[in-house]
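> Handing you this structure, nothing more for now.
The values are calculated or read from the model by the stated rules, or taken from the named source; none is laboratory data. For clarity, every value in this text was computed on a predicted model and none was experimentally measured. We place every Cβ from the backbone using ideal geometry, glycine too, and count neighbours over all the protein chains shown. In case anyone asks, the SASA skips ligands and DNA or RNA and just uses the protein heavy atoms, side chains included. Shrake-Rupley method; radii C 1.70, N 1.55, O 1.52, S 1.80 Å.
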Amino acid sequence: MSQNNTSLQPVWDIPVRLGHWLMVLLFAVCWWSGEYHEMTWHRYAGYGLFGIVLFRLYWGVVGTRTARFSNFVSSPKAALTYARNHIFKSNHDENRPNKAGHNPLGAWSIIALLGFILLQIGLGLFAVDVDGFDGGPLSDFVSYDTGRLCAEIHEISFSILMTLIVVHIAAIAYYKLVRKQNLVPAMIHGKANISQSEAIQATPWLRVLIGAAVAALIVWIIAK
């Protein structure tokens with residue numbers, strides 16, 4: 001144990017880590033399939049991404065401590081204060097112990113990413129192509145003009161989402177190169193250098209199964 005009384009302790013549960021990397025993979029497939037007009041792949045990847053996001057929203061309420069929104073979402077003022085006191089400071093202590101979970105600034109990044117992914121998927125469900133022959137599973141419930149509007153906003157929101165992803169990656173690179181904190185390994189093996197009192201408890205797998213089943217059912221009903 002270090003001089004700060006910290007050691008490698010579990011900070012991210014398996015559902016959070018698995019969901020994170022599945023979102024990365026499925027978003028990449030969505031981008032590729034949309035870019036090359038592979039619409040069958042685009043739909044399936046979109047459905048999968050929708051299910052993952054639904055589960056993450058559920059897990060943000062009933063999951064382990066660091067997964068819960070109530071644990072890491074703070075006010076915009078708190079995020080700005082954190083940026084002023086920690087991001088823009090000239091002295092960087094690489095031995096400073098980490099806080100378990102997202103910092104206030106990172107929390108808003110996560111909320112923005114989840115929000116825009118959900119918006120992107122929602123628009124895709126109603127979008128229709130220019131010929132009116134191909135569209136999302138809910139496009140029959142709206143007019144052609146509304147479906148086309150959803151498709152156009154779908155493209156615009158994708159650009160915004162890509163910008164948020166670039167900022168997210170840049171922040172990770174900043175922490176690695178400047179703050180000397182590598183955030184990626186913790187999202188792989190689930191552990192970080194924190195005090196034992198901040199470590200998360202065992203994953204409640206029954207809640208995982210319930211959330212996964214409900215998310216899958218919602219996606220199945222919409223895609224049917």
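> Is region 134-193 rounded, prolate or oblate when judged by the Cα gyration tensor, a ≥ b ≥ c being the square roots of its eigenvalues, rounded requiring a/c under 1.5 and prolate requiring a/b larger than b/c?
Prolate, because a/c is 1.5 or more and a/b exceeds b/c.
> What translational diffusion coefficient, in µm²/s and rounded to a whole number, does the Stokes-Einstein relation yield for region 168-222 at 25 °C and a viscosity of 0.890 mPa s, taking the hydrodynamic radius as the Kirkwood radius over Cα pairs? Before the final figure, lay out the partial values.
Numbers: Rh = 14.4 Å.
Translational D for this selection: 170 µm²/s.
> How high is the relative contact order of the chain? Use alpha-carbon pairs under 8 Å, at least six apart in sequence, and give a whole percent.
On the way: 256 pairs, mean separation 74.5, N = 224.
Contact order relative to length: 33 percent.
> Tell me the angle of helix 144-177 to the major Cα principal axis of the chain, expressed in degrees between 0 and 90 and rounded to the nearest ten.
On a 0 to 90 degree scale, this one is about 20.
> Separate question: Would you compute, for the Cα atoms of the chain, the largest minus smallest coordinate along each principal axis and list the three values in descending order, in whole Å?
Extents along the principal axes: 65, 41, 30 Å.
> Quick one: what do you get for region 17-81 if you divide its Cα Rg by 2.2 N^0.38 Å?
Relative to the 2.2 N^0.38 Å estimate, region 17-81 comes out at 1.42.
> Relative to the compact globular guide of 2.2 N^0.38 Å, what is the alpha carbon radius of gyration of region 33-159, as a ratio?
Output field value: 1.39.
> Note the count of lysine pairs whose C-alpha atoms are less than 28 angstrom apart in the chain, limited to pairs 8 or more residues apart or on different chains.
13
> If you don't mind, another one. For the peptides 64-75, 158-169, what is the packing order when you average, over each peptide's residues, the other Cβ atoms within 10 Å and list the highest mean first?
So the peptides 64-75, 158-169, ranked by packing, come out 64-75, 158-169.
> Now for a separate question. Determine the per residue accessible area of region 1-67 with all protein chains present and a 1.4 angstrom probe, expressed in square angstrom. Spell out each step's value before the answer.
Numbers: 3590 Å² over 67 residues.
Accessible area per residue, region 1-67: 54 Å².
> Note the full-extension length gain between VAL73 and ALA213 as 0.36 nm times their separation in residues minus their Cα-Cα distance, in nm to one decimal.
Residue separation times 0.36 nm, minus the Cα-Cα distance, leaves 47.8 nm.
> Hey, another quick one. Going by the alpha-carbon gyration tensor, a ≥ b ≥ c the square roots of its eigenvalues, is region 47-87 rounded (a/c under 1.5) or, if a/c is not under 1.5, prolate (a/b greater than b/c) versus oblate? Kindly include the intermediate steps, with their values, before the conclusion.
Details: a/c = 3.51, a/b = 2.17, b/c = 1.62.
It is prolate, given that a/c is not under 1.5 and a/b is the larger ratio.
> Report in % the part of the accessible area of the chain that belongs to carbon and sulfur, leaving out ligands and nucleic acids; probe 1.4 Å. Walk me through the numbers before you get to the answer.
Numbers: 8850 of 13200 Å².
Using a 1.4 Å probe with all protein chains present, the chain comes out at 67 percent carbon and sulfur.
> When the helix-only estimate is applied to the chain (DSSP H runs of n ≥ 4, each -39,500 (n - 2.57), divided by the residue count), what is the mean residue ellipticity at 222 nm, nearest 500 deg cm²/dmol? Mind dumping the intermediate values first?
Values: 8 runs with 137 residues, N = 224.
Result for the chain: -20500 deg cm²/dmol, rounded to the nearest 500.
> Compute the signed sum of charges (Lys and Arg +1, Asp and Glu -1) over the other residues within less than 15 Å, Cβ to Cβ, of ARG56.
On the way: positive: ARG17, ARG68, ARG207; negative: ASP13.
Cβ neighbours under 15 Å give a net charge of +2.
> Expressed as an acute angle from 0 to 90° and rounded to the nearest 10, what is the orientation of the C-alpha long axis of helix 104-126 relative to the principal long axis of the chain?
Around 10 degrees separate the two axes.
> Relative to a virtual label point 7 Å from the Cα of LYS176 in the Cα→beta-carbon direction, which members of region 18-35 show backbone nitrogen distances below 17 Å?
Under cut-off, by backbone N: 21, 24-25.
> Just to confirm the number: angle between the C-alpha axis of helix 205-223 and the first principal axis of the chain, 0 to 90 degrees, nearest 10?
Around 20 degrees separate the two axes.
> So if a site counts as exposed when it's one of the GluC sites (Glu not before Pro), its DSSP state isn't H, G, I, E or B, and it has at most 15 other Cβ atoms within 10 Å, what's the longest stretch of the chain without one?
With GluC sites (Glu not before Pro) excluded where exposed in loops, the chain gives 95-224 as its longest stretch.
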